[in-house]
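Colleague: Please read through the structure below; I'll follow up with questions.
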Amino acid sequence: MPEIRKVMLLIETSCAYGRELLLGIGKYSTIHGPWMFYKGPPHYAEGSEKKKVVSRLMKWANGAIIREPKNDKLLTLGVPVIVSPNVIEQMPNLPVIVTDCAAAGRIAAEHLLDHGFRQFAYCGFDDMPWSRGRGENFCKRITEAGFETHVYERSLSEIERFFDKEQIRLADWLKSLPKPVGLMTCNDDRSQQVVDACIIAGLHVPEEVAIVGVDNDELICNLSSPPLSSIPLNAQRAGCEAAELLDKLMAGEKMAGQRIIDRPTHVVTRQSTDILATEDRDVRQAVRFIRQHVKEVIQVADVVDAVGLSRRSLERRFRRAFGRSVHGEIRRVHVEYISRMLVETKLPISQIASTLGHRSAKHVARYFQQEKRMSPSAYRRRFGHK
């Protein structure tokens, strides 16, 4: 009978990210196990049980995956362990699961730029390294596009950071921003707080403040009013890769700062960014037509007919609003749809091409390669579920 790995999983499960990590770990175990898991004591456990975590790891577990270490002793026991990035500065040799903050910031910026925004803001938790990383990369992309980003700074006073007091401070900051503004938050929890602060400030979402967050926690996003746009993190894939690495560590591979990179892919658009930040009604109509016909092969002439302008006039006004041609927008919308299908489904490229009205998968693959700088199959290998 094969050896049964015993693995401790100290991963917070109240958010979607933690649960998705666990699903990925479970998938690996199903294929390569059997593994036994200890997920930490439940919230109703006696205090004495909660104090036994360190001793249980020492006596029972072959390895552990710990997202938020609550006890430094867990990291110095010599047991193979994979952790969150919050502790790598103190212990750089530990393997770590880390999000690609550069990609998250860039994707949020591109999303808001594509919606025509020219005013931008970022709201995060400035004492969290991952939040700062997402914000810095968002600001960098906005700067490259030639615009400025207004960044929310939390009060240094602990009292002023209490929820009710910070809501007022956040509402005042939102009122001070130029409108309409495209705003990125560090995660969906922060997005919900921004929505609540907008209500206090008397601001409309998305008409005055359009909000995009990170994590795509469907519970949080859909409980919000309006529902929140968000960038999903491929936590299931990260969980599967973390389990694979832990398996190697438990088999004797040394801990040497190995990194599991959690790569965001796209924006799941909901009502909080469902707006075009341009006053040109004909341009809005053109973009709406393109998005409504994403599953059809349309030409610039079709868009011109739908809007009722001359091609020259529409092209000029389109470039003024978005900085790209009508054909460029048709292509961009198609590629983004293909990207989502590659990540969220297992449909073959040929079937995705057929869904979009194309007879040739090679044609779709060719212009996808031009836009994304990689083939559809390479994109799926990198970002799809493992």
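The values are calculated or read from the model by the stated rules, or taken from the named source; none is laboratory data. From a predicted model like this one, the values you see are computed outputs, not experimental measurements. Reconstructed Cβ throughout: ideal geometry from the backbone, glycine too, with neighbour counts over all protein chains shown.
Colleague: Going residue by residue through the stretch 22-36, is there one that turns out to be surrounded by fewer than 19 Cβ atoms within 10 Å (Cβ to Cβ), farther than 19 Å from Met255 by Cβ and at pLDDT below 80?
Modeller: No, every residue in the stretch 22-36 fails to be surrounded by fewer than 19 Cβ atoms within 10 Å (Cβ to Cβ), farther than 19 Å from Met255 by Cβ and at pLDDT below 80.
So that you can scan it fast, the table gives a plain yes or no per residue for (1) within 25 Å of Glu336 (Cα to Cα); (2) touching a residue at least 60 places away in the same chain (Cβ under 8 Å); (3) assigned by TED's automatic domain parsing to the domain that holds Val209; (4) not hydroxyl-bearing (Ser, Thr, Tyr):
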residue: Asp114; (1), (2), (3), (4): yes, yes, yes, yes
residue: Gly133; (1), (2), (3), (4): yes, no, yes, yes
residue: Ile142; (1), (2), (3), (4): yes, no, yes, yes
residue: Glu148; (1), (2), (3), (4): no, no, yes, yes
residue: Arg169; (1), (2), (3), (4): no, no, yes, yes
residue: Gly182; (1), (2), (3), (4): yes, yes, yes, yes
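Colleague: Now for a separate question. How many residues does the stretch 334-372 hold that are part of a loop (DSSP other than H, G, I, E, B) and either closer than 21 Å to Pro232 by Cβ or touching a residue at least 24 places away in the same chain (Cβ under 8 Å) (or both)?
Modeller: 6
Colleague: State all residues of the stretch 96-129 that are of a type in the set (A, V, I, L, M) and outside any loop (DSSP other than H, G, I, E, B); if no residue qualifies, say none.
Modeller: Correct list: Val96, Ile97, Val98, Ala102, Ala103, Ala104, Ile107, Ala108, Ala109, Leu112, Leu113, Ala121.
Colleague: Scan the stretch 281-295 and give yes if some residue there is charged (D, E, K, R), surrounded by fewer than 23 Cβ atoms within 10 Å (Cβ to Cβ), touching a His at 6+ places or on another chain (Cβ under 7 Å) and not in a strand (DSSP E or B), otherwise no.
Modeller: no
The rows are residues; the columns are (1) in contact with an Asp or Glu (Cβ under 6 Å, 6 or more places away or on another chain); (2) under 30 Å from Met36 (Cα atoms).
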site	(1), (2)
Met184	no, no
Asn187	yes, no
Arg190	no, no
Arg237	no, yes
Arg259	no, yes
Val267	no, no
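Colleague: While we're on this one: From the residues in the stretch 207-220 that are buried (at least 22 other Cβ atoms within 10 Å of the Cβ) and at pLDDT below 95, which one is nearest to Tyr122 (Cα to Cα)?
Modeller: Applying the filter and picking the extreme gives Asp215.
Colleague: Across the stretch 320-339, what is the total count of residues that are crowded, with 16+ Cβ neighbours inside 10 Å and basic (Lys, Arg)?
Modeller: Within the stretch 320-339, residues that are crowded, with 16+ Cβ neighbours inside 10 Å and basic (Lys, Arg) number 2.
Colleague: Tally time: how many residues in the stretch 315-325 are outside any loop (DSSP other than H, G, I, E, B) and closer than 13 Å to Thr278 by Cβ?
Modeller: Qualifying residue count for the region: 6.
Colleague: Then there is this: Identify all residues within the stretch 289-307 that are farther than 18 Å from Leu356 by Cβ and either at pLDDT below 90 or among the hydrophobic types (A, V, I, L, M, F, W, C) (or both); write none if there are none.
Modeller: Correct list: Ala301, Val304, Ala306, Val307.
Colleague: I've got another one for you. Can you name every one of the strands (runs of 3 or more DSSP E) wholly within the stretch 173-256 that holds 3 or more residues which are of a type outside the set (Ser, Thr, Tyr)?
Modeller: Ranges flagged: 181-185, 209-215.
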